[in-house]
1. Could you look through the stretch 38-76, keep only residues that are at pLDDT 85 or above and among the hydroxyl-bearing types (Ser, Thr, Tyr), and pick out the one that is surrounded by the fewest Cβ atoms within 10 Å (Cβ to Cβ)?
2. Please determine whether any residue of the stretch 254-272 is in a strand (DSSP E or B), touching a helix residue (DSSP H, G or I) at 6+ places or on another chain (Cβ under 7 Å) and either under 24 Å from Gln217 (Cβ atoms) or not assigned by TED's automatic domain parsing to the domain that holds Asn231 (or both).
3. Looking for whichever is touching a strand residue (DSSP E or B) at 6+ places or on another chain (Cβ under 8 Å) and at negative phi here; the options are Thr205, Thr180, Thr156. Which one fits?
4. Against the condition of a type in the set (Ser, Thr, Tyr) and within 19 Å of Trp85 (Cβ to Cβ), how does Thr134 come out, does it pass?
5. Select from the stretch 183-209 the residues that are within 17 Å of Asn231 (Cα to Cα) and touching a Ser or Thr at 6+ places or on another chain (Cβ under 7 Å) and list them in ascending order.
6. Could you tell me which residue of the stretch 107-117 is nearest to the chain's Cα centre (by Cα), considering only residues that are exposed (fewer than 15 other Cβ atoms within 10 Å of the Cβ) and assigned to a helix (DSSP H, G or I)?
7. Which residue is modelled with the lowest pLDDT, if the candidates are limited to the stretch 3-36 and must be exposed (fewer than 11 other Cβ atoms within 10 Å of the Cβ) and assigned to a loop (DSSP other than H, G, I, E, B)?
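The values are calculated or read from the model by the stated rules, or taken from the named source; none is laboratory data. Keep in mind that what you see is a predicted model, and the values were worked out from it rather than measured. Cβ: placed from backbone, ideal geometry, glycine included. Neighbour counts: every protein chain shown.
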Amino acid sequence: MKGYVAKKGDRWYAVIYEGLDPVTGKELRKWHPAGTSREDAERLAARLAAELNGRNDEGRSLSFGAYLTTRWLPGKKLELARSTWDGYRRKIDRHILPTLGNVSIRRLRPHHLEALYDQKLHPTDGRKPLAPKTVLEIHLIIRGALNDAVRRGIVTRNVAFVAHAPKLRAIPKVEQQAWTAQQLQGFLREAAGHRLFPALWLISTTGLRRSELLGLQWRDVDLNAATLSINRGLVSVGYKTHVSRGKTSNSRRAIDLDATTVRMLSAWRAWQQIEQAVVGAEPTGWVFTNAAGEPVHPHSMSQTFERIVKRAGVPKIRLHDLRHTHGTLLIKAGIPVKVVSERLGHGNPVFTIDTYQHVLPGMQAEAARMFESLIVPEASAG
């Protein structure tokens, strides 16, 4: 790339030609202030042009696929949860590389991206079309990678901002469901004979996420103080399990336990030690393990829950809805929203209010009646 100097008023500038805008086709020139000396401006122009030429040489020979797999994706490994990073990798391998992998990153244009999206939404090779949400996720990966390439000086513009992204149809939100206290009791009665009953009891009485429940280690549990600490999660990617950092910064929290739960965990720990001694398994420190002493797999936990729900004859809900049940019953019992929010590890009480707003109208009516009884004694008597 070439550079030259120009003067405006009493100031000199190094003007660098940075090529053509890949979207508009117009020349790109950047003015760099260099002070009042022409010689300083010439030196600056020479240095900036040399630096830009070096970057452009790199970009000219770099394919988009090589950039994604050797530069961008490895750099995201420290930023993202393992499951999210693996999801990115699969989308890149399956959907982006076969079509755009060999395209020079400098020659990538909006029509390349739009052709990819159309191919995924309306395949002509007999393959099943991808959901618009999945194609949009592919677009966001490309856009993020090109943003990084702009920051590194490898390309000058992010063409993904101009490409027509797939339209995301309104996706119905999964409706969270909650059991009544009587339905929860019925489920727990049916679960009482199962080996993993302590796990099902704990998730019901604390509102833990599945990953948090299975990520518990005995060092996180203080039976004397009746508390447990959430420090990690156990998630499945494919069928392999990985330890995660937690969903949000608020996921790391301490939770108080009731006396019944403390007794149950104490009995479970004693049984676990006997079981591991019988099968010759070395203690691993995980709170909930299978008969071989290995951590319970998340899929296995969900399948166990679904089988017991069916036998119990209670309304069908997801394992995650035990968490919603816990929050709903607490709010109906008059526990302050902030306390419920902290117990569930929500990032903000506003999120808790939004999630459990279906409970609040009835509570407002009860609050009105209660306040009336304070100032109109005969109302409570009647």
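1. Per the criteria, the residue is Thr70.
2. yes
3. Sole residue among the options that is touching a strand residue (DSSP E or B) at 6+ places or on another chain (Cβ under 8 Å) and at negative phi: Thr156.
4. yes
5. Leu202
6. Among residues in the stretch 107-117 that are exposed (fewer than 15 other Cβ atoms within 10 Å of the Cβ) and assigned to a helix (DSSP H, G or I), the one nearest to the chain's Cα centre (by Cα) is Ala115.
7. Gly25
A quick yes/no check of all residues on (1) within 30 Å of Trp271 (Cβ to Cβ); (2) surrounded by 15 or more Cβ atoms within 10 Å (Cβ to Cβ); (3) of a type in the set (A, V, I, L, M); (4) more than 27 Å from the chain's Cα centre (by Cα):
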position	(1), (2), (3), (4)
Leu100	no, yes, yes, no
Glu137	no, yes, no, no
Leu140	no, no, yes, no
Ala145	no, yes, yes, no
Ala149	no, yes, yes, no
Val155	no, yes, yes, yes
Asn158	no, yes, no, no
Leu188	yes, yes, yes, yes
Arg195	yes, no, no, yes
